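Have a look at the structure below before the remarks.
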Amino acid sequence: MPMRSFNRDVRLLRFGVFEADLTAGELRKNGVRLRLQEQPFQVLRLLLLKAGQVVTRDELRETIWPADTFVDFDHSLNTAVNKIRESIGDSASSPRFVETLARRGYRFIAPVESIDDHLPAAPADDAALHPQLQVPVPRRELVRSLFGLIQVMYLVFYLIGLAHLHDAERVAASFVPGWRTLLIVGIVLVTGAVGIPLRFYLLSAVAFDFRGLGANFGRLFPFVLAMDQLWAIAPFLLLPQIGVGMAFAATAALLYVPFSERTLVRWAYPMES
């Protein structure tokens, strides 16, 4: 590609489906923010500003690692470039974006354009919109925490339900006696026993930030939806304690929870197109 450099005052640069907000220090894919630490982003920033040109290792050292910084420069630079490639799906052996020039430096080889002139004026705190949900993208840490809390809530439901199975049988018998009581108890027993490992999987996946959670949850969602809809009527097992009104209100809220889970997952773990 032809050699091109950008003014350091430029704010937004686009390459492929990615956008780099140089002011905010954020890298986005289709509007969704990707995790990229400050040092790798600074390396990417310099490569983008000098797209098509060789950025030497010495230049990177002088710009990003000041002389009074005591680090293993070679290791730090290699790690930063690897993190960049991991974030944008690039490869050192067959690069599409970042090319390595042995013992010299790096060069950004994909077309890069400034999109500042194509954007309408917006407030400084204007948040990026999710390309599918069309809502501002919140912080991933908050989204992951909310999703994890929902999994903990269901774990508590299952454990309490299984620990008080006789109480569930007694309450169910007062409304639907006979074989239907056994059916309800059986549903509580089976779904609770299956739901516990499912919730532990989802909780561990979000805790370890497993990037395949979006695709996996999409496949699991019909099963999760069916289970959650069944457990949404659990408040009616507490009817003597909470009354009809609260039971209906709690059930209405629980019916919406699986769709909230799906939205949270799509926020934090967008499926690859």
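At a glance:
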quantity: Filter pass, F97 being surrounded by 15 or more Cβ atoms within 10 Å (Cβ to Cβ), modelled with pLDDT of 90 or more, in the same structural domain as L47 (by TED's automatic domain parsing) and of a type in the set (F, W, Y); calculated: yes
quantity: Odd one out for D209, checked against (1) surrounded by fewer than 17 Cβ atoms within 10 Å (Cβ to Cβ); (2) free of Cβ contacts under 8 Å to residues at least 60 places away in the same chain; calculated: (2)
quantity: Residue ID - farthest from K50 (Cα to Cα), chosen from residues in region 8-40 that are in a helix (DSSP H, G or I) and in contact with a helix residue (DSSP H, G or I) (Cβ under 6 Å, 6 or more places away or on another chain); calculated: Q39
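Each row is one residue, and each column tells you yes or no for (1) modelled with pLDDT of 90 or more; (2) closer than 23 Å to V143 by Cα; (3) in a helix (DSSP H, G or I); (4) among the hydroxyl-bearing types (S, T, Y).
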| residue | (1), (2), (3), (4) |
| --- | --- |
| L44 | yes, no, yes, no |
| V55 | yes, no, no, no |
| R61 | no, no, yes, no |
| P66 | no, no, no, no |
| T69 | no, no, no, yes |
| S76 | no, no, yes, yes |
| V81 | yes, no, yes, no |
| I84 | yes, no, yes, no |
| D90 | yes, no, no, no |
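The values are calculated or read from the model by the stated rules, or taken from the named source; none is laboratory data. Bear in mind the structure is a predicted one, so any value in this text is a computation, not a measurement. When we count neighbours, we look across all protein chains shown, and the Cβ atoms used for this are built from the backbone with ideal geometry, even at glycine.
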